[in-house]
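The values are calculated or read from the model by the stated rules, or taken from the named source; none is laboratory data. Here the structure is a predicted model, which means the values were calculated and not measured. Using ideal geometry, Cβ is built from the backbone for each residue, glycine included, and neighbour counts are taken over all protein chains shown.
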Amino acid sequence: MDNGKKKGIALIIIGICFPLFALPFVSGFDINKGFMDNFYNTGIRITKNNANSTPDTNKPSVEASKPSLNPLKMRIDKIPFRFFFVPTIFLIYVAIVMIDRARKH
């Protein structure tokens, strides 16, 4: 087997294992929802949901009519799991190209 084929197969294995290693940390999956809803709403939570950490939206304020930048609203709560598929697709594509170039014409 050529060296290019070996590297290509190794890249395919690494690409498949990349999202599998992140899978135990994923939250937000619901068995009653559809595929696309689960695809867009699952992720790895990076902040804790505390009652003190979320802004209170029940209190009316005088400045409610004008938009304001609030750092609590702008923070990232979770990393979407679909972002872990981007390197997977890239590595599999590169591996297929490497295997194809290793073929003898």
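For segment 1-21, which positions are modelled with pLDDT under 90 and touching a helix residue (DSSP H, G or I) at 6+ places or on another chain (Cβ under 8 Å)?
First pass over segment 1-21, keeping only residues modelled with pLDDT under 90: 1-4.
Listed by number, the residues that qualify are D2, N3, G4.
Can you find a residue in segment 45-61 that is out of contact with any Gly (no Cβ under 7 Å at 6 or more places or on another chain), modelled with pLDDT of 85 or more and surrounded by 10 or more Cβ atoms within 10 Å (Cβ to Cβ)? Yes, that holds for at least one residue. Summed over segment 12-36, the residues that are within 13 Å of F85 (Cβ to Cβ) and of a type in the set (S, T, N, Q) give a count of 0. Whenever a residue of segment 62-84 is closer than 30 Å to I16 by Cα and surrounded by 12 or more Cβ atoms within 10 Å (Cβ to Cβ), its partners that are among the basic types (K, R) and at pLDDT 75 or above, lying with C-beta atoms within less than 6 angstrom and at least six residues away or across chains, give the pairs K78/R45. Failed condition for I76, given (1) at pLDDT below 85; (2) more than 14 Å from the chain's Cα centre (by Cα), with all others met? Failed condition: (2).
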